[in-house]
Amino acid sequence: MSPFYLALAGLLLIIGLRYLKRALAPIGVIVEVVASAAVVAFALGAALALIVAAAFAG
């Protein structure tokens, strides 16, 4: 299961970093910035949790 967790963590990191770039760009619409920040927080938090789970699983 460890490779699955790491692959999923990598995917979530890519998604999180793409939205981080969008959140930091001068968008001008507050709602999009808040939504992007929420996606970044969720994706990076989930990726970190999966990395920790993979470390303890194998």
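Bear in mind these aren't lab numbers, they're just calculated from the coordinates by the rules spelled out. Not measured: the values here are computed from a predicted model.
With all distinct Cα pairs included, what does the Kirkwood hydrodynamic radius of the chain come out to in Å, to one decimal, could you say? Don't jump to the answer; show the numbers that get you there.
Numbers: mean 1/r = 0.0844 Å⁻¹.
Taking every pair of different Cα atoms in the chain, averaging 1/r and inverting gives 11.8 Å.
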So what is the calculated 222 nm ellipticity per residue for the chain, using -39500 (n - 2.57) for each DSSP H run with n of 4 or more, over all residues, to the nearest 500 deg cm²/dmol? -31000 deg cm²/dmol
Find the relative contact order for the range 16-58 and round it to a whole percent, using C-alpha pairs within less than 8 Å whose residues are 6+ positions apart. 41 percent
